[in-house]
Structures are given as C-alpha cells and as structure tokens.
Amino acid sequence: MKGIVFTEFLDLVEDNFGYKVVDDIIANSQLSSGGVYTSIGTYPHGEIVQLVMNLSRRTQIPVQQLLQIYGKHFFNVLVKQYGHFLKAVPDAFSLLESIEHYIHVEVRKLYPDAELPHFETKRLDALTLEMVYRSERKMADFAVGLIESCLLHYGETGVVEKNNLTDDGTVVQIRIKKSA
Amino acid sequence: MTELNLLKRRIERERLARKQAEAILEAKALELYNANMELRTLNESLEQKVAERTEQLSASEEKYRGIIENMELGLMEVNTEGVIVRAYPRFCKMVGYQEEELVGLNAASVFLPAEFLPVLKRQDSDRAAGKAGVYEIQIMKKNGERIWVLISGTPIYDAEEGFVGSIGIHYDITYQKNLQRDLEEAKNRAEEAEHAQKQFLANMSHEIRTPLNAILGMSHLLYDTQPTKEQREYLDILKNSAEMLRNLISDVLDLSKIRAGKLETQQKEFDIKGLMRSLVKSSQLRLEDRPLSIELDIDPRLENLVVGDDLLLNQILSNLINNAEKFTEKGRITVAAHIKALRKTQFVIAFTISDTGIGIPKEKLNLIFQAFRQVDGDIKRKFGGTGLGLAIVKQLIELQGGKIKVKSRVGKGTTFTFTLPFGLSNRKIEQIETYTPQYQRLNGQGKKLLVVEDNYMNRKYIGSLLEKWGMPFDIAVDGRKGFDMAQQELYDMILMDIQMPEMDGYETTIAIRQSNNPNQNTPILALTASALISQKDKAFKAGFSDYLSKPFRPNQLFEKIEKYCKSISYEEVVDNDDHTEGVKFAYHERLNHELLTELYGDDWGYAADMFETFLTHTPAEWGQLVAAFHAKNWQEVGRLAHKIKPTFGMVGLSDIEKILLTLEQNAKNQPVDDARVTQLFEAVEQELPLIMTIVGADFEKISAQLVMGH
C-alpha cells in the first residue's frame, strides 16, 4: 500500500480527533513500520486495516463508515496533487470509466509495485453507471467514498448503492444513479 | 508529562519519516542519474552507428558506381523534366561531351533522333509510374555520329520529395546492332539464294526431263526402224544412258520432295502378292543369262488385299532388288514378306531382301542410307548408280511409319529387312498362283482389244486398221497406263509394244500375268522391233502369247488377231487385197509423182535418205550460189548451179531442175546476159522457201511410212 494512504489517513485522524488518538491507534497496533510513514514509501496493507479497526474501537464509529469518510477525503488529496489530469475529463462517469484502462495504467508506470483493485463499468442508462469492484483488500467502502467525492467535484448529485456479490467483500457491485 | 512524551514520540516519528523519505529520494535520484547516463551512452552509440552506416552506404554507392563506370556503362541522371542533372565520366566519353556542357540541357533534345522520341516518351511515363525498363535506341554523339545504346532506366526517389527523376545506364551496342543487321541481311540473302536454288533445281529438273523424254522417246522409235545389229548396240547405249540420267533426276527430285515433306502417301487396296510376284518375275527376266536366281517367299497368311501405297512399296522393293542384282555376281536373291504383327485394323509386314553378293564392310554400314554416299569410290566406278537409292528407300519407309535394318558380311551377302504397316482389307486375293498359257477362245460380237503403244504413228496405223476391220479398242500410251487399264476391264486381246518408257512391254505383261486383274489370261501379242530369237524367248517367258515383228503388214496383224479371237467374224469387212489402202502415202502435188515412184518405188528408206540430204545440204549450197550471184561471179554461179541441180531432181522438183540447167547454161555462155541470169536466179530464189516446206513435210511422212514398214 502506498505511503500516501497512511499519511493522509493519520493526518485526517489528527485533524478530527487530535494526535493523542493517532498515537493511541499506532501504539495499539502491531506495525512492522513502527508507525513511521512517508507518502512516497510502500507499506504492508495489513497496517492500514489495523489502524482503521483500532480507530473504530476507539471512536465507536463503524469501520465501514470510517473507510467511506476517508475515501471522500482522499479524493480531494488526489485532486490537489494530480488535478491537471482531471482537466480533460468532462464528468464523473467519464472519470470513473477511465479508471481501469487509463488511470491505473498510468499509476503502474509511476509505481510498478502498486497493487490496484479492478473495476468493470457498464452504463445502464444515461444516468446510471454500474461498477464491479474486485480486490483482496476488501476496501469497497473506501471506493464508495471516493465516488461520492468525485460526484461532488463535478457538481453532480446522485445516490451510490453498494451490494456485496461475495460474502467476504472481495467482489462488490456499486451502482451510481445520478439525479437528473 | 504525558503531553511531552506524546510530543516526543510525534517528533521522533516525523524525524524517522523524513529520513525514510530522504533515503527513498536519494535512491530514486541515483536511479534517475543512472538511467540518464545509460540513455546518453545509448544515444551516443546510436549516433555513431548512424554515422558508420551512412559512411558504409556512400562507400558502397561509390564502389558500385565505380564498378559500373569501369564496365563501360555510361551513367546519366535526369530530373522529372528530362533535364540532365549529372553525367558520369564514362557516359561523357561515350557521347563526346564534357559534363559541364550537358548539365542543365534537356537530354532528349541533345541526344535523341526524332524517330526515337515515341520510345523515350513511353519510357518516361513508365519511370514516373515507378517502373524500371530496358530499351534500345540510337543517340547522337557530339560529332553528329549515331550510336546504338542499350539503356537500363530506373526511377530515383528522394526521402522528402518522392520521384525526382531517373538514372539511365547506357551500354554501347553499335557493334552488335551492326552485326545483327549484317547477319539478317546475310540470312535474307541466303534464304533468297536457297529459294532460288530450289526453284532452279525444280525448273532444271523439268527442263532436263523434257528433252530427255524426247531422247528416250526417239530412241524407242528408232528400235522400230529395223536398225542393224551395230545400230541396235548404239541404240542400247543411248537408251540406257538416257534412262540412267532420267533415273538420277527422278531420284534427286524424289529426295527433295521427301525432304520438303511434299510426298503424300496413298491408302488404297492392292494385291501385295501380285506386286511382289511381278517384281521377282521381271528380275528373273533380267537375270536370265547370269548365274544368279531370284526367289520369292510370301507368308501364306497373306490371303487378302492390303491397304497402303502400292507405288511406294513398288519403288522400295525394286530399288532393293536392283541393288541386290547389282552387287551379286552369282548365287541367289531371296525376297520375302512375312506378317510380323497382326492387330485389329492394321498389321505389320516384315520384308526381307537378301543376297549372296559382295557384302558391305561393317564400318560402312552406317553410310549406306546417307544421300550421295556409296561404300567407296571403287564401287561407284564398278557398279554405277547415284548413291541416292537407299537414302530414298529409307525415307520412303520412314515416311510410312516403317523401319529398315541391314545386316551384312563381306563376301557372304547382305540382308535388308524393313517393316511397313498396312491396313486390312476384307477382300481376298484371287488364287491364281501362276500364269498358264491357255488362251480364252472368244465368242460373239463387241469384243474389245487393248493397244499399248507409245509411238504416235504406230498408234495411228494400228488404230486405223482396227477401225477399218470394225474392231473396238482402247489405247494406252505407255506400259503403266496399259497395266492400269488392264485392271479395269476384260479385253479379248492386248497388243503390246516392247520398247516403252516408264514400264516396258515385258514389265507390263509380267505385271498383268502376276497380279489379280481381269486380264490375267488374256492373249497378249508382243509387237517387237526385233526378230531375234532371244527376244522371242524373252517374250514368252514374260508371259506374252505371241509376237509380231515390226514392220508388219496389215494381213499379218489380222492373222494374229484372228488366231486368238477366232470366232469373231471379221472376214466380211476385210479386203484381203487392199492391205495398204488405209495408209497409202501420196507425195505432195508440187512434186513429180511419176519420177519419184520410178526412183524409189516402195523403198521408203532410200526416199527418206534423199529427202533428208536435200533438206540438209540445200540451204548451204544455195547460200554459196546467192553469194556468187551478188558478186556477179557468173562462172561460179554456173558451176554451183550445175552442182546443186540433181538434188532438186531427186526430190521430184523437175521444173526447178530445168530452171537451174538454163541458169547454168546462161551463166557459162559468153557474153553473159545479166538480165536473163538475174531472172532465172530470182525464179528459184522466190520459190525456195515454199519448196523447203513441202519437202520437209513429205520427209516427215516418208519417215512415218518407214516406221510402219511400208
């Protein structure tokens, strides 16, 4: 997992709950990195899972919700850093449809070791897009947060529904219905 | 305290994270640097390679250009407008210009003669379409001289502009072109000459044959004039030589016909056994006084007529038989025919002609079928011949799809074997193996005779007699036609001359007797010019029923006809006392009949001699008299008139004889009366042309009488 996911997560925790909580969830987790992250490094995926679960325990907010909130926040981080890539893309669906065959292809060029989820997209009608998420990371909620933030970015409104296609959450159907 | 510890931990984490980031960045920077270095090296080596390649390319271009230039190939480059861009040294040398003179000029207007403009235009459009091409044109050198060049042109492309022009490689082929032209001329001349030669040969053969046939014809006629023994010998030589010459010409013509593919084979039914029997029988007749016999051996399975070319088979077999006769001193010649292969519609017959002659040396065997080749010069001197016979035989056999082989042992003999395919016929050969002289006795009216005679006067004579006696007859003008006619119709009697061209009377009679035809048993009367016993013997052996020596009188012929056609009653119309009436000869009315009858009576030979003497000598002698007259040499005129006078009397010109006597007297009497002499001279001079014509015509008639024996 790229370091930026950890640094941005911990920054968000600090902003909302103070550094005490950050220190606390690091201390309660078994981290090979020792809780030291830099955005350009790469760290084991299990560490973010432990951090999120400890935060949930500490704050009594469900993991699902935490990931969704973090996803929403993370989209803005991406816009800040890579905004120029988005200029040529006219709307949210277009951006979402280009993830698999354009964005992820470019990401791999920059970070050959990146492990990325797979997305299949299908337009059901002019206002409905269906995406199928596949990843061993089981972070579909993070994706839902990103999508919601994406709609906001393009000034679009709509509903994002999530439906697990497997029990373990590795394959998830996400349906985005824009309001007319 | 807790706050402080928390802060310390935070700072520591931040510090560690910074170090971690620095380390990663350092590593990335190094990575970047290395990648950059690598890229630079790669670039450098690439540039070097490009430079090397470019150098190699231009070196190789120079190398090939150099090679082409050294190969006497002139290179010139033009742009798309045909303007010269570059002219290479060898090309400049070829056309006699300097490069500076040429660059910038239009190539066509400098070099091209107008008649080649269309050729170049076509090439230019090919070049623009990207096609290379090779073509031959003439170009003009600086000094105006023209040379032929072979040009290989190819378009030139530029990376930026595409088609920018073309390059032409010029090779000077003037020498080859001239050679080619000379060769073509020579070939045309040779072909014309060959054609002319063929035409000449054909014409000459014809031209030679015409007088030769006349010589042969006349020699045959001479046999009928009761020649003396000595004259007959001379005649034999004359006839044999003329025949040899004609055979040679026929052979040459045959050979050239075969070689030109002009000889066509015929397919007709014929009696192969009869053909072979006739040939063997004729040979037997020729070999009579030689210690040499000839035998015939025919496959008993040959029961039917065969389909093929009888004339060609006859020519082949008689050539080989004649050859065997020529080269065999004593012993035996065997002629055999056996069926070799029998198929549904055709079969193959193997013919063998073997002799016990001198044989042919092994090393010469391959020569004998070549035209104009004989085994050696000695053979030619000893045996004569044209050397064409076997060449013709071989070609005639091969023409019909057959093959010929020869085996020989020197001093033992030679065997020729050839095969020929024939078609099968359903018609059986009528089984008349040998001729037996049993004459048919003919009854009833309307019986017919066949007269085979080549002499026109004799035909007229015999014809007029038969007409007079009311006997129908057919006429054949030579032996070959006689044989053909004998195959068509049954005759009651055949009157056959002996000395004839193509097939003589003996050969014709043998053919009639030996082959399947209606006249195998018809009486044949030989009309011989000789009363020699040997001739009579020969006639009987050939199959003649009887003979009659020329000249014969009408009643002699009538008796012979009566003997063989007994029951026909011709007596009523025959006037036995007037045998000669139908052919009685009368001198021209201008001539003195009484005198001539008194002089010659029935002695036509004497009369002919006298008339001939007159015709031969008078023009020259009269010419001398004319010369003397114009010279007014009266004495000479008188002397010549005296000399010439009796000749006129001898041909019955008594009146002229008298005038000449008067002329003689007047020319001798002094003083000479010029006017009188002139008058007498002119009287004869004016009449002379007419006289010569009349005497000439009568001489012809007398000669004819002579032939008839009247």
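Would you check if B:K632 is of a type in the set (K, R) and part of a helix (DSSP H, G or I)? Steps first, please.
Numbers: of a type in the set (K, R): yes; part of a helix (DSSP H, G or I): no.
Criteria not met by B:K632.
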* B:M76 fails exactly one of the following numbered conditions: (1) more than 27 Å from A:P112 (Cα to Cα); (2) within 14 Å of chain A (Cβ to nearest Cβ). What is the number of that condition? -> (2)
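Going by what's in this entry, would B:R122 be described as under 20 Å from B:W148 (Cα atoms) and either surrounded by fewer than 16 Cβ atoms within 10 Å (Cβ to Cβ) or in contact with a Cys (Cβ under 9 Å, 6 or more places away or on another chain) (or both)? Give the derivation first.
Values: under 20 Å from B:W148 (Cα atoms): yes; either surrounded by fewer than 16 Cβ atoms within 10 Å (Cβ to Cβ) or in contact with a Cys (Cβ under 9 Å, 6 or more places away or on another chain) (or both): yes.
In short, yes.
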* Asked: Does B:L42 qualify as being away from chain A (no Cβ under 14 Å) and more than 60 Å from the chain's Cα centre (by Cα)?
  -> yes
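Just a yes or no: is a residue in the stretch B:555-568 touching a His at 6+ places or on another chain (Cβ under 7 Å) and either surrounded by fewer than 21 Cβ atoms within 10 Å (Cβ to Cβ) or over 21 Å from B:L279 (Cα atoms) (or both)?
Residues of the stretch B:555-568 touching a His at 6+ places or on another chain (Cβ under 7 Å): B:555.
Now restrict to residues that are either surrounded by fewer than 21 Cβ atoms within 10 Å (Cβ to Cβ) or over 21 Å from B:L279 (Cα atoms) (or both): B:555.
Yes, the stretch B:555-568 contains a residue that is touching a His at 6+ places or on another chain (Cβ under 7 Å) and either surrounded by fewer than 21 Cβ atoms within 10 Å (Cβ to Cβ) or over 21 Å from B:L279 (Cα atoms) (or both).
How about the stretch A:1-98: which helices (runs of 4 or more DSSP H) wholly inside it have at least 2 residues that are more than 13 Å from every other protein chain (Cβ to nearest Cβ) and free of Cβ contacts under 8 Å to residues at least 24 places away in the same chain? Lay out the reasoning, then the answer.
On the way: elements: A:3-17, A:19-27, A:45-59, A:63-86, A:92-97.
Per the criteria, A:3-17, A:45-59, A:63-86.
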* Qualifying positions in the stretch B:138-171 - touching a helix residue (DSSP H, G or I) at 6+ places or on another chain (Cβ under 7 Å) and farther than 17 Å from B:E77 by Cα -> B:Q138, B:M140, B:K141, B:K142, B:I147, B:W148
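For the stretch B:252-274, give me the residue count where each residue is farther than 30 Å from B:L201 by Cα and in contact with a helix residue (DSSP H, G or I) (Cβ under 6 Å, 6 or more places away or on another chain).
First, pick out the residues of the stretch B:252-274 that are farther than 30 Å from B:L201 by Cα: B:268-274.
Next, only the ones that are in contact with a helix residue (DSSP H, G or I) (Cβ under 6 Å, 6 or more places away or on another chain) stay: B:270, B:274.
Total satisfying the criteria: 2.
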* Name the residues in the stretch B:445-459 that are modelled with pLDDT of 75 or more and part of a helix (DSSP H, G or I), would you? -> B:N458, B:R459
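To keep it simple, each residue is scored yes or no on (1) touching a residue at least 24 places away in the same chain (Cβ under 8 Å); (2) more than 57 Å from the chain's Cα centre (by Cα).
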{"site": "B:L596", "(1), (2)": "yes, no"}
{"site": "B:G605", "(1), (2)": "yes, no"}
{"site": "B:T616", "(1), (2)": "no, no"}
{"site": "B:V677", "(1), (2)": "yes, yes"}
{"site": "B:F681", "(1), (2)": "yes, yes"}
* Does the stretch B:233-253 contain any residue that is charged (D, E, K, R), under 27 Å from B:E194 (Cα atoms) and surrounded by 14 or more Cβ atoms within 10 Å (Cβ to Cβ)? -> yes
* To do: Tally the residues that are over 30 Å from B:L653 (Cα atoms) and at pLDDT 80 or above, restricting the search to the stretch B:541-599.
  => 17
* Asked: Do the conditions hold for B:G384, that is, is it modelled with pLDDT under 85, more than 25 Å from B:T265 (Cβ to Cβ) and of a type in the set (G, A, S)?
  -> yes
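Consider the stretch B:658-679. How many of its residues are among the acidic types (D, E) and more than 20 Å from B:W622 (Cα to Cα)?
The initial filter retains those residues of the stretch B:658-679 that are among the acidic types (D, E), namely B:664, B:673-674.
Still in the list and also more than 20 Å from B:W622 (Cα to Cα): B:673.
Selection size over the stretch B:658-679: 1.
Condition check ((1) surrounded by 13 or more Cβ atoms within 10 Å (Cβ to Cβ); (2) farther than 30 Å from B:Y461 by Cβ; (3) in contact with a Leu (Cβ under 7 Å, 6 or more places away or on another chain); (4) among the β-branched types (V, I, T)) across all residues:
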site	(1), (2), (3), (4)
B:L625	yes, yes, yes, no
B:A628	yes, yes, yes, no
B:G638	yes, yes, no, no
B:V651	yes, no, yes, yes
B:I656	yes, yes, no, yes
B:V672	yes, yes, no, yes
B:Q686	no, yes, no, no
B:V695	yes, no, yes, yes
B:K701	yes, no, no, no
* Every residue from the stretch B:78-99 that is closer than 19 Å to B:G165 by Cα and loosely packed, with under 13 Cβ neighbours inside 10 Å -> B:E81
* Show the residue pairs that are 6+ apart or on different chains and have beta-carbon atoms under 9 Å apart, the first residue being within the stretch B:119-140 and at pLDDT 85 or above, the second being assigned to a helix (DSSP H, G or I) and β-branched (V, I, T). => B:Y135/B:V119; B:E136/B:V119; B:I137/B:V119; B:Q138/B:T174; B:I139/B:V95; B:I139/B:V110; B:M140/B:V95; B:M140/B:V110
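The rows are residues; the columns are (1) within 11 Å of chain A (Cβ to nearest Cβ); (2) in contact (Cβ under 8 Å) with a residue 40 or more places away in the chain; (3) under 30 Å from A:G41 (Cβ atoms); (4) touching a Gly at 6+ places or on another chain (Cβ under 8 Å).
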site	(1), (2), (3), (4)
B:E22	yes, no, yes, no
B:L32	no, no, yes, no
B:K49	no, no, no, no
B:T54	no, no, no, no
B:S60	no, no, no, no
B:M71	no, no, no, no
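Going through the stretch B:219-230 one residue at a time, which ones are in a helix (DSSP H, G or I) and exposed (fewer than 14 other Cβ atoms within 10 Å of the Cβ)?
Restricting attention to the stretch B:219-230, the residues satisfying the condition of being in a helix (DSSP H, G or I) are B:219-223, B:229-230.
Matches in the stretch B:219-230: B:K229, B:E230.
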* Asked: If we scan the stretch B:193-206, do we find a residue that is at pLDDT 80 or above and more than 23 Å from B:D309 (Cβ to Cβ)?
  -> yes
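The values are calculated or read from the model by the stated rules, or taken from the named source; none is laboratory data. Given the structure is predicted, the values throughout are model-derived calculations rather than measurements. We place every Cβ from the backbone using ideal geometry, glycine too, and count neighbours over all the protein chains shown.
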